[in-house]
Each structure stands twice: as structure tokens, then as C-alpha cells.
Amino acid sequence: ELLYERNQLQLVLNHHLEKLSARDNPPGILLCQKHKTGFRWQHKYLRDGHPVTVSLSKTRRPFAEKLAVNLYRIISIDYLQKQIASIDSLISSLQSESCSIKLPDSQQADLITESPLYLLLHKVRTCPQVPADFFKPSSPYRLLILSHLEKEYAWIIDWYLRDYKQTPEHPENLQYSVKLGFKVRSKSEVLEADRLFEEGILFHYEELVLMSNEEAYPDFYIPITIIEQYAWEHFGAMDKEGYFYRTKGKINTYLDHKWLPGINMLTTYETRQHPLTEEQVNQHIRWLKNRYRLAFPDLPPDESLNLYDLAAFVRSHRIGQ
């Protein structure tokens, strides 16, 4: 589990490093210096190994945003390297003669710390120290990074914010409130919906999903990429004969349309003797969260902001316009 977590963090770190070294990425970072009642923008970069600072006009916002994202990536890399080092230390402390774990080669991390932009960071006295600093209300970088994230993940934010058709069946059974403010049909669905929300995983409840000429309304519909989408169905009365056979038919319909449990469909079950447990829900949550981390690697690695926060920003921004 520790090695898996380390690998996940390394993949996100690699993403930031690749973006920093991309051919079309401008060199340098943005510094926001206090000036009277506001901030001045400064473009800081290395020329022949020496730091150079030039003023940047507020009319050059798109360029400033790219430089701010460079700084954000460097801070994220620094944060991720510290997390990886902590995991390596923990693994080393758990080593024994009967359990030997080979750590991955650390040469790549050395290359990261030698990159020009990373070296530039250590020549700056005042700047954000951790990813969370970029999203503080007082941060001059906040709107620039949020604007980048809004464009980067526009497709899923647009999907989440749009109106959608829900199942018309038995609305009287929607009796249990969830943290997002709507109602679901059981306490087990409350647990699942609230855990998805707490971990920043966007979903629609009982949204219409067309399967050829048939309609389905999965309890939770969860897209992760444009082509990678999941349905999560909870079957909560499996000890009732009528419910059991309806569930069997429902699962067969999903199978007929290539929605496969364990691949692109998640399922949970319960009976009176075997109620749903939080650990069963968390198994699915952990798996989805790991997929999220790789699908949305520009989100802050310290989880100081998630897609629900970004969606709230986008909604308020659109209302303001």
C-alpha cells in the first residue's frame, strides 16, 4: 500500500515536471509584490544561471497566468517530494530480514531538484510555501490558478453544473438529506453520497443514462474522463424476493450494455442481517479517489481545493457575469 501510494504521488509529480519542461511553456515564474493597496506582477527567470526580474503589465494576464501556474507546479513538486520522502522513510523503518522492500530509484527526484525553475524558487524570499497558500482568500495568485483550473477541467465542471433528467419513479421515497442539499432514498445512500462529496468526487444522483434503446438511472453516475465513466448502484434489500429478482434483471441489463461490475460499474449490497458498512463504501471511495488523482493532477496535492470548490467558484463567476 505504501509503494502504491508512492507510485501515485510520483505520477502526479511527473505530470507537473513534464508540464514545466514543455516546449511551449514560458520560462520563469510570477511573483506578486505588495504595492500600495494592491500587488505588482513581476516575471522572474534565469538568464545564464542568474536571476532576472522584470515588471509585468496587468494587461498581460494570460501570460501572467502561465507564470503563476509554473510557480504553483514548483511548489506542488516540492510538496510531493516531501511526501514521497516521508513514505520512503516509513518504508525503511518497517524493513526487516523477513520483509525486504526495494524502493524505486531516486535519481529522478535529484533531476527534479536540479531543474532551473526549481533552483529559481530558492532565490525567492517571499512566495507561497505549500499548494494551499495559493487558494487563501488573500492570495494574489488565487484567481490566476483558479482560472487555469477552470479552463483545464471545464468539461467536468460544465457536466456537473448542468441540469439533468432524473428518474420520475417514486419521488415520495426521497426522504433522507445529504450534505449536498438534496434527498436520497436510504440511509445507505446518504453514507455513499456524503463520502463522495467529502472526497471531492463529482456525481449526479439518479441521472438518466441511455443504453442503446433502454434507459437506466444509476444511483450515482461518476465521470472521470470523457470516455471513462462509472455507475454506482446500491442494492439495499437483497433479502426480499421481489427486490432480488428486480435487481437481477437490472444487473443483466447493465451487463448486456457492457457496464461491467468491477470495471466501469460499482455495486454495494445489503440485507437486514448484513447491513452496509462504512468500510465497504470506503473501498470504492479509495479506488475512485486514486483514479481522480491521476485524472485531475493539477488539483492541489495537499487537497486544499477540490472539484466541488472549483465548481462553486465557476458558478459564482458565471452568476457575476
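Details
- In segment 198-240, the residues that are over 19 Å from Pro168 (Cβ atoms) and crowded, with 17+ Cβ neighbours inside 10 Å: Gly200, Ile201, Leu202, Phe203, Ile222, Pro223, Ile224, Tyr230, Trp232, His234, Phe235, Gly236
- Scope segment 1-48; condition without any contact (Cβ under 8 Å) to a residue 12 or more places away in the chain and assigned to a loop (DSSP other than H, G, I, E, B); matching residues: Glu1, Ala22, Arg23, Asp24, Lys36, Thr37, Asp48
- Scanning segment 5-51 for residues that are farther than 20 Å from Arg73 by Cβ and of a type outside the set (Phe, Trp, Tyr) returns Glu5, Gln33, Lys34, His35, Lys36, Thr37, Gly38, Arg40, Arg47, Asp48, Gly49, His50.
- Looking only at residues of segment 2-52 that are modelled with pLDDT of 90 or more and polar (S, T, N, Q), we find that the one that is most open to solvent (accessible area, probe 1.4 Å) is Asn7.
- In segment 195-239, residue modelled with the highest pLDDT [restricted to those that are farther than 18 Å from Ile157 by Cβ and of a type in the set (Gly, Ala, Ser)]: Ala231
Results for (1) outside any loop (DSSP other than H, G, I, E, B); (2) acidic (Asp, Glu), shown as yes or no for each residue.
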residue: Glu169; (1), (2): no, yes
residue: Leu191; (1), (2): yes, no
residue: Ile201; (1), (2): no, no
residue: Leu210; (1), (2): yes, no
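- Qualifying positions in segment 243-256 - open to solvent by 40 Å² or more (accessible area, probe 1.4 Å) and farther than 19 Å from Gln166 by Cα: Tyr243, Phe244, Tyr245, Arg246, Lys248, Asn252, Leu255, Asp256
- Residue pairs whose Cβ atoms lie under 8 Å apart, sitting 6 or more positions apart in sequence or on different chains, and linking a residue in segment 247-276 that is more than 22 Å from Glu214 (Cβ to Cβ) to a partner that is open to solvent by less than 30 Å² (accessible area, probe 1.4 Å) and aromatic (Phe, Trp, Tyr), are Thr268/Trp232; Thr268/Phe235; Tyr269/Phe235; Glu270/Phe235.
The values are calculated or read from the model by the stated rules, or taken from the named source; none is laboratory data. Keep in mind that what you see is a predicted model, and the values were worked out from it rather than measured. Cβ coordinates were reconstructed from backbone atoms using ideal geometry, including for glycine residues, and neighbour counts include every protein chain displayed. Please note that ligands, DNA and RNA were not included when accessible areas were found on the heavy atoms of the full protein model with its side chains. Shrake-Rupley method; radii C 1.70, N 1.55, O 1.52, S 1.80 Å.
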